[in-house]
1. If B:Arg467 meets every condition in (1) more than 18 Å from the chain's Cα centre (by Cα); (2) open to solvent by 10 Å² or more (accessible area, probe 1.4 Å) apart from one, which number is that one?
2. Any chance you could count how many residues in the stretch B:448-480 are away from the ligand (no atom under 15 Å from the Cβ) and more than 9 Å from chain A (Cβ to nearest Cβ)?
3. Among what's in the stretch B:315-352 and is within 14 Å of chain A (Cβ to nearest Cβ) and open to solvent by 60 Å² or more (accessible area, probe 1.4 Å), pick the residue that is modelled with the highest pLDDT.
4. Among the residues of the stretch B:358-383, which ones are under 19 Å from the mean Cα position of the chain (by Cα) and either among the charged types (D, E, K, R) or more than 16 Å from the ligand (Cβ to nearest atom) (or both)?
5. Can you list residue pairs whose Cβ atoms sit under 6 Å apart, with the first residue in the stretch B:440-460 being outside any strand (DSSP E or B) and the second being within 14 Å of the ligand (Cβ to nearest atom) and charged (D, E, K, R)? Count only pairs 6 or more apart in sequence or on different chains.
6. Give me the residue from the stretch A:43-86 that is among the β-branched types (Val, Ile, Thr) and touching a residue at least 40 places away in the same chain (Cβ under 8 Å) and, out of that set, surrounded by the fewest Cβ atoms within 10 Å (Cβ to Cβ).
7. Search the stretch B:134-148 for residues being open to solvent by 10 Å² or more (accessible area, probe 1.4 Å) and at pLDDT 95 or above, and hand back the single one that is farthest from the ligand (Cβ to nearest atom).
8. Residue check: is B:Lys208 more than 20 Å from the chain's Cα centre (by Cα) and in a loop (DSSP other than H, G, I, E, B)?
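The values are calculated or read from the model by the stated rules, or taken from the named source; none is laboratory data. Fair warning: this is a prediction, and the values are worked out from it, not measured in the lab. Here the Cβ positions follow ideal geometry from the backbone for every residue, glycine too, while neighbour counts run over all protein chains shown. Surface areas here come from the heavy atoms of the whole protein model, side chains and all, with no ligands, DNA or RNA. Shrake-Rupley method; radii C 1.70, N 1.55, O 1.52, S 1.80 Å.
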Amino acid sequence: MQTSNNTNNSYLSSQTPPSGGWGAGSLISSVVPLPIENVDTDQIIPARFLKATDKKGFGDNLFADWRFNKDGSPKTEFVLNDPNYTGEILVAGKNFGSGSSREHAAWAIAGYGFKVVVSSFFADIFRNNALNNGVLPVVVSPEFLAEIFESVNKDSKTTLKVDLKSQTIINNATGKSESIEINSYKKDCLLNGFDDIDYLLSKKELIEEWEKKASTAH
Amino acid sequence: MRKEKDKDNDMTTNTKQISPSGFNESSAERGRGASTLFDKIWDAHVVSTIEDGPTQLYIDRHFCHEVTSPQAFNGLRERGLKVFRPEKTTMTADHNTPTKDQHLPVKDPVSRRQLEAFAKNAEEFNMPLFYPLGHEKNGVVHIIGPENGFTQPGMTIVCGDSHTSTHGAFGTIAFGIGTSEVEMVLATQCILQSRPKTMRITFNGRIKPGVTSKDLALYMISKLTTGGATGYFVEYAGEAIRNLTMEERMTVCNLSIEMGARGGLIAPDETTFNYMKGREFMPKGEDWERSLAYWKTLKSDEDAVFDKELVFNADDIQPRITYGTNPGMGMGINESIPTLDQIDEAGRISFKKSLDYMGFKPGERLLGKKIDYVFLGSCTNGRIEDFRLFTNYIKGKKKADNIIAWLVPGSWKVRKQIEEEGLDKILEEAGFEIREPGCSACLAMNDDKIPAGKYAVSTTNRNFEGRQGQGARTILAGPLVAAAAAVNGKITMPTP
Ligand code: SF4
């Protein structure tokens with residue numbers, strides 16, 4: 001029984017794109033630079049904030065220990081507290097999102113208002129979690145990444161264009177671009193506001209069939 | 001090479017399904033040439049594949065805890081869904097639980113609410129395998145799985161916790177997932193995953209006496225770095241791995257994620273079967289025999305090709321510690337922290353930031369460094385053998401006065417065994433006490449937090465900034481190094 005070839009994605013038709021999501025297909029924004037490597041999910045959202053039972057409010061505690069003093073006052077030297085750097089794109093050093101599988105990290109990033117994270121390397125689980133929350137992880141070459149940091153260093157108003165439809169990212173300060181790798185299934189999901197559970201639910205019969213075969217195979 | 005392999009899989013995976021319990025037809029026999037153990041298990045669990053997209057994978061066992069599941073159950077409620085196969089999910093409270101007085105109501109109201117939500121979800125969704133605080137089967141999720149026989153070779157296993165890789169020690173595909181994926185598993189017993197690449201890491205030789213499997217794993221992570229295995233599923237092989245006990249193998253597989261791997265697995269053998277036999281949720285009688293016959297087929301074919309192969313020599317490995325703020329920043333206990341010129345330029349900002357946080361200097365040696373806390377526990381080193389090793393070293397010695405030690409068994413069963421073997425008496429005489437089970441200071445969500453600026457030698461898996469408490473400085477090590485630190489009050493070579 002052949003079940004692949006869902007390229008026409010008929011299951012998408014009934015879905016309405018989420019407002020403010022990737023429905024528009026592209027985004028131009030200034031960036032928040034974080035030139036630190038191996039930023040782990042314990043930094044993105046420390047464990048003591050994981051006690052909530054819903055997905056709301058995590059953005060307030062994004063990078064909490066780098067961002068706030070013990071008394072709750074902002075650490076002025078941290079980039080999120082620097083009014084020069086704003087925007088919907090976070091640009092970080094390599095191996096972003098390593099460590100814990102907590103999806104709270106993706107909720108914190110999305111909740112804060114980021115739609116894109118750019119790095120030269122992402123940890124696997126974070127990447128999935130981001131995509132499942134409408135945040136696009138964009139992998140660029142180390143050189144391209146270094147150049148973004150340089151451009152932003154020179155001019156904090158530097159913008160990037162992230163075009164999901166054509167799968168390109170452009171550094172508007174230099175005009176240079178790289179392509180964005182994403183499989184067509186996930187791309188469709190983002191553009192149409194469809195998620196994996198919708199897909200899996202549409203495959204219930206197939207799952208039951210699989211279970212039957214599995215239990216009678218010997 | 002890889003491309004071809006993928007294509008091959010895509011064409012064949014849907015045509016033939018094999019049972020995850022008791023099937024006996026290997027991929028090789030299906031005429032597809034040599035396969036790795038990972039390929040065999042993966043292929044047997046493919047329900048469908050999406051062209052230029054992920055694979056729909058059937059999940060045999062799902063573990064669930066209170067911190068990463070509430071939003072998933074909420075999702076089911078919002079969509080009006082039931083749990084599809086409740087008997088395939090095992091629930092235990094561990095991350096956010098106190099390690100003292102578990103019979104009393106949890107003091108922190110936010111933690112209490114999360115635990116109550118967990119219980120409510122178990123009830124509302126009719127989950128039969130629910131082990132709340134104090135239950136005899138309660139404990140850290142990756143400890144209670146193998147301990148009770150939920151973890152069996154050839155399975156696909158997931159949990160909303162990255163150290164799910166632990167279960168790979170039994171020859172399973174086991175990996176951590178996010179909460180959206182927890183919801184998928186609850187709703188459909190499936191998830192969508194891209195197929196990872198395969199890597200084999202072979203350890204020749206044998207680890208020396210006084211060196212633990214934790215040292216072996218820390219050695220490997222420092223060689224690969226924290227991102228060195230990202231995108232891969234690792235199979236561990238070689239004489240040194242074969243000679244490990246099941247608990248030692250679990251420690252190695254547990255730490256796979258710390259080098260970025262999706263997971264790590266070890267082919268099952270007699271050591272595995274001896275450990276499993278008779279455990280509560282294992283097949284019994286004829287079923288056991290039939291399963292055993294299948295489990296024995298679970299190994300990589302001789303000529304299987306991995307996307308990447310690494311070979312290490314286990315004889316070289318010394319007791320190890322970490323000096324920085326990720327598990328890859330490690331060294332032999334008598335070595336020195338790298339100097340700045342040994343670090344590549346792009347990494348220097350992070351390296352300096354890390355050493356600043358730890359209060360260490362480039363080039364510094366840490367042997368003899370005074371420390372404040374010792375933590376024995378977690379899904380990495382919270383099993384009975386870890387407590388035996390620790391106690392054995394402590395016997396006849398005394399805890400150093402400057403040390404606060406938290407000894408937290410991984411489960412109630414581990415704690416019971418500690419008592420049955422009389423280890424608790426020996427530890428008490430030396431000035432230690434055994435606490436109640438849970439994740440505890442591994443992630444410091446409960447009250448067990450290392451204070452800011454204090455040094456902890458910890459048998460856990462992560463030395464990230466703030467992982468064990470805001471400002472806490474974690475030095476990762478095995479149970480023997482932890483024991484030596486506990487009696488000497490400083491970092492010491494654990495010679496008997
Ligand atoms: S002991 Fe630590 S690593 Fe293991 S499951 Fe608990 S929090 Fe996660």
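1. (1)
2. 10
3. My answer is B:Lys352.
4. B:Arg383, the sole residue that qualifies.
5. Once the first residue is outside any strand (DSSP E or B) and sits in the stretch B:440-460, its partners that are within 14 Å of the ligand (Cβ to nearest atom) and charged (D, E, K, R) give B:Ser440/B:Asp448; B:Ala441/B:Asp448.
6. By that ranking, first place goes to A:Thr86.
7. The residue in question is B:Glu136.
8. Yes, satisfied.
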